[in-house]
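K.L.:
Please find one structure pasted underneath; my questions will follow.
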Amino acid sequence: MKQPELPVFSNVDIPGLPERLTALLNDNRVQVAELLQQQSYSWDSLMVPLEILDDRLEKFWSPVSHLNGVMNSDQLRIAYDACLPLLTEYRSEMGQNRALYEAVQTLAQSDAFSGLDSARQQAVRHLLRDFHLSGVALVEAERKRFADIQQRLSELSTQFANNVLDATDGWEKWLSDDAELVGIPEMALQSFRQQAEAQGREGYRITLQAPAYLPVMQYADNRDLRRELYIAYTTRASDQGPQAGQWDNSDLMVEILQLREEAAKLLGFANYAELSLAPKMADSPQQVEEFLVNLVGAARAQGEQELDELRRFAAQQGCDDLQAWDIPYYGEKLRLRDYALSQETLRPYFPADKVLDGLFAITGQLFGIRFEPYTGTDLWRPDIHCYRVLKDGETVAFCYLDLYARAKKRGGAWMSDYCGRRRTAEGLQLPVAFLTCNFTPPGADHPALLTHDEVTTLFHEFGHGLHHMLTEVDVLSVSGINGVAWDAVELPSQFLENWCWQRESIPLISGHYQSGEPLPDELLDRMLAARNFQSALQMLRQLEFALFDLRLHSRPAPQNAAQIQNLLDEVRDQVAVVTPPAFNRFQHGFSHIFAGGYAAGYYSYKWAEVLSADAFSLFEEEGVMNGDTGRRFHQAVLARGGADDALALFITFRGREPSQEALLRHSGIAR
């Protein structure tokens, strides 16, 4: 096998990053100018050189961006923040380069264009679209203003994310009395003790990281402790709570929304939501609103019933005034009453290594692939793993896994990449994916044990990884996850989650960490029975976020943070059956839309869930471990990446347009 090109993380000259990036960008500028000296343009003379420049830049920046998310430090943050304006300026400059735009347009209008394969044609069409969305058609003064807006938005989004990270890492609670921690599982307590020992102290250290926050909220009998953590968590980076004003995102949100609206109007859109939807599957904000409101109508009555049941149960337990910090606690107790099941009951049966082995076995049977540990690469920490992905005996991709929570690591779970697949003069460049989670790390006397929720998260991110790694498209801008419509990009990830719930696949991913015994049938039955426990409440929560995001970007930009809160309250009145306390500042930590790619796009989770549930329904008909059906999904969806329109790919696989029926059925929501 040819030695693969993989990222390097050790011995990175962090202070020198801005200088090196400047040199690279300037060289790119020179090469683009030379490209434009041609008298005529072809794919090979124009698009291939541009792809080489994009690939080189991505390989430089991707490790830096990745380290910023998984090993944040003061030194790296300074260098990272210094690089962002350079990148934003370059991207605006390229996106507004009229000579380059006209060159691509000339290629699109040439006789040779019709002779290009569909992936290359799609790459040209996408590039022309992106030129327009970058302001290439604006007059000079407007182009300058548009570029300035993009520069400022980059700064604001980074600051928003930094504030959330700093607020999360900036809160801690120390306890020495075991009586205050009654109810919390021993595994979580052990983690709290290890956190304290790591700082040279006795007792327990509790943080706002998910592996600490969730066990307290779900299991702590100490209501005051639950309330304290809830307040700290839901007021992060805001004007409320114990850190009020310290890392406040209030003004940043307002400025971000105002600048997005101004940018959209410069391009001729009525609002930012219209701009955001331009490259997506959905046709208009009105269509998305109707889609979301329809799902609210399907779920609301059942959500009210689920909350009423929880209130009655809590009252029976002595809690007559159910509050937001009580809901996870009594919800877990109600699940235990009805199904004799909790996440902690399941945890011993899902050691991380066994789950990974099973995940590899499942995807191997479905898609004909194999994963091998790969040691010939540089890692950013010793507990990171790299795998080589093989299909038909040939290496097709590489994958890095970073599974465990720690300080200075961004919360949540995500998939990103070092590079995509493309055909080069030297041969085939293979895709490389990063999969990042924040699970509870191994304990002193046991391996990392995952809740079933965490297993589902791993499958979700792995689905994104497969989308990137199993592409068979050789054009960089539309291979893997590149060029995929944002509201379809969650299809493979949510699709793969289904194998966390199947009788045929669960024995492959479960095995008690001490005995190796697979999940017993009795527990499996209870787990499957509890699958849709409070499913309407969970759906309404996602719909609340999605409608808030959509309306926030469809209506006139707010003048102050209070107007953002008022809109969120309005959405909650329509959608939510659980109303949070007035001090709750969810929006101040809503990184998906203020620091990620989901602005006016959070609906994508539900949009793609319709696609994924409907796609999986074919496996329900033909066999959930049916390799033939899996390979058809691979060829129709995973292999094509962004080379074809997402709806067309779905129809190719399913034989018809998508239906909501499977999603509602899988969610246990009756129409």
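The values are calculated or read from the model by the stated rules, or taken from the named source; none is laboratory data. Bear in mind that the values here come from a model prediction, so they are computed numbers and not experimental data. Note: ideal-geometry Cβ built from the backbone for every residue, glycine included; neighbour counts use all protein chains shown.
K.L.:
Which of the residues that make up segment 504-521 are charged (D, E, K, R) and modelled with pLDDT of 95 or more?
P.N.:
E504
K.L.:
If you go through segment 1-44 one residue at a time, how many are surrounded by 12 or more Cβ atoms within 10 Å (Cβ to Cβ), of a type in the set (V, I, T) and in a helix (DSSP H, G or I)?
P.N.:
Residues flagged as surrounded by 12 or more Cβ atoms within 10 Å (Cβ to Cβ), of a type in the set (V, I, T) and in a helix (DSSP H, G or I) within segment 1-44 amount to 2.
K.L.:
How many residues are part of a helix (DSSP H, G or I) and buried (at least 18 other Cβ atoms within 10 Å of the Cβ) when one looks only at segment 275-288?
P.N.:
Result for segment 275-288: 5.
K.L.:
If I ask for residues that are in contact (Cβ under 8 Å) with a residue 24 or more places away in the chain and of a type in the set (S, T, Y), which ones from segment 630-671 would you list?
P.N.:
Within segment 630-671, S659, S667 meet the criteria.
K.L.:
So which residues in segment 599-617 are over 18 Å from the mean Cα position of the chain (by Cα) and closer than 16 Å to G463 by Cβ?
P.N.:
Those that are over 18 Å from the mean Cα position of the chain (by Cα) and closer than 16 Å to G463 by Cβ: A613, D614, A615, F616.
K.L.:
Restrict the check to segment 392-406 and report whether at least one residue is of a type outside the set (K, R), part of a loop (DSSP other than H, G, I, E, B) and more than 19 Å from L208 (Cβ to Cβ).
P.N.:
yes
K.L.:
Within segment 481-533, track down each residue that is part of a helix (DSSP H, G or I) and of a type in the set (D, E, K, R).
P.N.:
Step one: list which residues in segment 481-533 are part of a helix (DSSP H, G or I), which gives 491-500, 506-509, 521-529.
E497, D521, E522, D525, R526, listed by residue number.
K.L.:
Kindly provide the set of residues from segment 77-134 that are of a type in the set (D, E) and part of a helix (DSSP H, G or I), ordered by number.
P.N.:
Selection gives D81, E89, E93, E102, D111, D130.
K.L.:
Considering (1) in contact (Cβ under 8 Å) with a residue 24 or more places away in the chain; (2) surrounded by fewer than 14 Cβ atoms within 10 Å (Cβ to Cβ), say which one R91 fails and leave the rest.
P.N.:
For R91, the exception is condition (2).
K.L.:
Shifting gears a bit: Would you mind finding the one in A425, A448, A413 that is surrounded by fewer than 24 Cβ atoms within 10 Å (Cβ to Cβ), in contact (Cβ under 8 Å) with a residue 60 or more places away in the chain and in the same structural domain as L366 (by TED's automatic domain parsing)?
P.N.:
From the options A425, A448, A413, the qualifying one is A448.
K.L.:
Give L57, L67, L53 a once-over and let me know the one that is part of a helix (DSSP H, G or I), within 29 Å of L403 (Cα to Cα) and free of Cβ contacts under 8 Å to residues at least 40 places away in the same chain. Walk me through it before giving the result.
P.N.:
Working: L67 fails: free of Cβ contacts under 8 Å to residues at least 40 places away in the same chain; L53 fails: within 29 Å of L403 (Cα to Cα).
Residue meeting the stated conditions: L57.
K.L.:
Every residue in segment 566-605 that is under 25 Å from V489 (Cβ atoms), at pLDDT 95 or above and part of a loop (DSSP other than H, G, I, E, B), please.
P.N.:
Selection gives F590, A595, Y598, A599, A600, G601, Y602, Y603.
K.L.:
OK, next. Of everything in segment 223-256, what is closer than 30 Å to P185 by Cα, touching an Asp or Glu at 6+ places or on another chain (Cβ under 8 Å) and surrounded by 20 or more Cβ atoms within 10 Å (Cβ to Cβ)? Give them in sequence order.
P.N.:
L225, R226, A237
K.L.:
Go through segment 196-214 and count every residue that is under 27 Å from the mean Cα position of the chain (by Cα) and either within 14 Å of G170 (Cβ to Cβ) or free of Cβ contacts under 8 Å to residues at least 60 places away in the same chain (or both). It would help to see each step written out before you state the result.
P.N.:
In the first step, residues of segment 196-214 are kept if they are under 27 Å from the mean Cα position of the chain (by Cα); the result is 206-214.
Of the ones still in play, those that are also either within 14 Å of G170 (Cβ to Cβ) or free of Cβ contacts under 8 Å to residues at least 60 places away in the same chain (or both) are 206-209, 212-213.
Final tally of qualifying residues: 6.
K.L.:
Now a separate question. With segment 612-671 as the region, which helices (runs of 4 or more DSSP H) entirely inside it contain at least 3 residues that are over 16 Å from W499 (Cβ atoms), outside the structural domain of C500 (by TED's automatic domain parsing) and modelled with pLDDT of 95 or more?
P.N.:
Those helices (runs of 4 or more DSSP H) span 646-654.
K.L.:
Would a scan of segment 172-180 turn up a residue that is out of contact with any strand residue (DSSP E or B) (no Cβ under 6 Å at 6 or more places or on another chain) and within 28 Å of V64 (Cβ to Cβ)?
P.N.:
no
K.L.:
List pairs: first residue in segment 121-141 and within 13 Å of N97 (Cβ to Cβ), second residue polar (S, T, N, Q) anywhere in the structure, Cβ distance under 6 angstrom, at least six positions apart or on different chains.
P.N.:
Final answer for the pair search is S134/Q96; G135/Q96; V136/Q96.
K.L.:
Okay, moving on. What number of residues in segment 65-83 are touching a helix residue (DSSP H, G or I) at 6+ places or on another chain (Cβ under 7 Å) and either over 30 Å from G411 (Cα atoms) or crowded, with 18+ Cβ neighbours inside 10 Å (or both)?
P.N.:
Total meeting the criteria: 7.
K.L.:
Then there is this: Out of the residues in segment 565-593 meeting the condition of being within 21 Å of the chain's Cα centre (by Cα) and among the polar types (S, T, N, Q), tell me which one is surrounded by the most Cβ atoms within 10 Å (Cβ to Cβ).
P.N.:
Checking each candidate, the answer is Q587.
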